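Step one of this worksheet: look at the structure below.
The values are calculated or read from the model by the stated rules, or taken from the named source; none is laboratory data. Bear in mind that the values here come from a model prediction, so they are computed numbers and not experimental data. Please note: Cβ atoms are built from the backbone with ideal geometry, for glycine as well, and neighbour counts cover all protein chains shown. Just so you know, the surface numbers come from the protein's heavy atoms only, side chains and all, with ligands and any DNA or RNA stripped out. Shrake-Rupley method; radii C 1.70, N 1.55, O 1.52, S 1.80 Å.
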Amino acid sequence: MKVTLKQATPAQAAAIVKVRMATNEKLTRDFGAGPWTATVTEKGVLFGMRNGRVYIAREGRTIVGSLQLTTKKPWAIDRSYFSKCERPLYLLAMAVAPDRQRQGIGRAMLEDVKRIVKAWPGDAIRLDAYDLPGGGGAFYAKCGYQEMGRVAYRGAPLIYYELLL
């Protein structure tokens, strides 16, 4: 599937919230309450736009996926686990609408992220995924991200992943 990510605008914040909340709600239904049960707000999405870039994937006029990239290291990330890089970017808050999951959209989004990061310019993509049944670790590994370590952050078990570009 061909997906091209476009940088989101503040006017799209409500639609991004809808996708992220639907994803969180599906995870909660499928795996019970967990770190993904948090509420997503427009204020939070707009904060992400100010502190990085939020991207959307569309199918026609409908937003079917979203993610955020930032140069600022998230609190849960410990740099000591990662390769020495000059310009890493951090991938946050990736979500694919539940009715569009398992159709190649997430994988296609990660492929397009490589183009975006190289043009930023960046030399690595870093992220964390929950090390729980509802976490995305296996997905990132299938997409070529290398596991760099396992940690607990505020009681949540995490797996660190990295892709060098």
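Worth a mention:
- The chain - accessible surface per residue (Å², probe 1.4 Å): 55
- When only Cα pairs below 8 angstrom with a gap of at least 6 residues are kept, region 81-156 shows a relative contact order of 38 percent.
- Taking N as its residue count, the alpha carbon Rg of region 10-77 over 2.2 N^0.38 Å: 1.16
- Extension gain for Thr39 to Thr70 (0.36 nm times residue separation, less C-alpha to C-alpha distance): 9.1 nm.
- For region 118-133, the Karplus equation 6.51 cos²θ - 1.76 cosθ + 1.60, evaluated at θ = phi - 60°, returns couplings of 4, 6, 4, x, x, 10, 7, 10, 10, 7, 10, 9, 5, 8, 9, x Hz by residue, with Gly and Pro reported as x.
- All aspartates and glutamates inside 13 Å of Lys142 as judged from Cα atoms, apart from same-chain residues fewer than 8 positions distant: Glu111, Glu162
- Whole-percent carbon and sulfur share, accessible surface of region 13-165, 1.4 Å: 51
- Amide H contacts of Gly149 (H built 1.01 Å from N, in plane; Pro and chain starts excluded): Tyr160 sit under 5 Å, all sequence-distant by 5 or more or on other chains.
- Here each label is just a point 7 Å from Cα along the line to Cβ, and for Ala14 and Cys143 those points are 2.8 nm apart.
- Over the chain, dividing the summed -39,500 (n - 2.57) contributions of all DSSP H runs of at least 4 residues by the number of residues returns a 222 nm mean residue ellipticity of -9500 deg cm²/dmol.
- Size of region 7-165 as Cα extents on the principal axes (Å, biggest first): 39, 36, 29
- Those lysines that a straight Cα-Cα span of less than 23 Å connects to Lys18, excepting residues fewer than 8 apart in one chain: Lys2, Lys6, Lys26, Lys43
- Between Ala22 and Arg115, the modelled labels are 2.4 nm apart [label points 7 Å from Cα along Cα→Cβ].
- Label-point separation, Lys6 to Thr62 (7 Å along Cα→Cβ), nm: 1.7
- Linear extension gain, Asp30 paired with Lys84, 0.36 nm per residue minus alpha-carbon span: 15.7 nm
- For the chain, a Gaussian network of Cα nodes joined below 10 Å ranks Leu132, Leu92, Leu69 by mean-square fluctuation, and the top entry is Leu132.
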